[in-house]
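The values are calculated or read from the model by the stated rules, or taken from the named source; none is laboratory data. Note that the structure is predicted; figures quoted are calculated from it, not measured. Neighbour counts are summed over all protein chains in view; Cβ atoms, including those assigned to glycine, are modelled from backbone coordinates with ideal geometry.
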Amino acid sequence: MPELKQLDAGHAPEVLAFEVSNRAYFAASISDRGEEFYDQFADRLSVMLAEQEVGGCAFYVVAADGSVLGRFNLYDFKDGTANLGYRVAQHVAGRGVATATVRELCRLAAARHGLRTLRAATSHANAASQRVLTKAGFVPVGPADPADLGGRPGTWYQRDLALQP
């Protein structure tokens, strides 16, 4: 059974392996992170963990059998609201992992992080992400700036965490 855990330094090898092995799959629906991301992964992870430590964001992994199946990020905490970003491995896509984890993260966002609202942007071409957000209780609230989605048009979704899906 997949387990949701807050990101820590010990996850580094598995997270990097997840990113590398799914790079082409991710690039089909979101902007590729470029070589620099992979070459400087240890430094980027250190920065993320430092940001998480001061409380402006929270990073999570969902894993099973020592393998990362997905990454789920809460970022830009402000006035009880945060943005949600996520990606799941190609071999578990379409199996409910993202939906179940987003639902659990909504619960944790309220209980652990004191958040009241989550927002997530997805491109119009990413129908799978739109389904995940809708199943997890998010509703469309307006257009996303294409600059936020690698130049692709999209929509912002939002969820009031006091409401159960």
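What number of residues in the stretch 48-75 are outside any helix (DSSP H, G or I) and either surrounded by 14 or more Cβ atoms within 10 Å (Cβ to Cβ) or at pLDDT 95 or above (or both)? So the answer is 16. For the stretch 76-111, a residue qualifies if it is touching a strand residue (DSSP E or B) at 6+ places or on another chain (Cβ under 9 Å) and among the hydroxyl-bearing types (Ser, Thr, Tyr), and the qualifying residues are 81, 86, 101.
Taking the stretch 39-80 as the range and being in contact with a Lys or Arg (Cβ under 6 Å, 6 or more places away or on another chain) and farther than 16 Å from residue 6 by Cβ as the test, only 80 passes. Within the stretch 138-165, being more than 20 Å from residue 77 (Cα to Cα), part of a loop (DSSP other than H, G, I, E, B) and of a type outside the set (S, T, N, Q) holds for 150, 151, 152, 153, 165. Of the residues in the stretch 98-112, how many are among the hydrophobic types (A, V, I, L, M, F, W, C) and surrounded by fewer than 20 Cβ atoms within 10 Å (Cβ to Cβ)? Result for the stretch 98-112: 4.
Inspection of the stretch 98-106 finds a residue satisfying the criterion of being of a type in the set (D, E, K, R), farther than 17 Å from residue 13 by Cα and in contact (Cβ under 8 Å) with a residue 24 or more places away in the chain. When 128, 98, 121 are checked against the criterion of being within 14 Å of the chain's Cα centre (by Cα), in a strand (DSSP E or B) and small (Gly, Ala, Ser), 121 stands alone in meeting it. Here the stretch 113-165 is the region considered, the condition is being closer than 20 Å to residue 87 by Cβ and of a type in the set (Val, Ile, Thr), and the residue that is surrounded by the most Cβ atoms within 10 Å (Cβ to Cβ) is 122.
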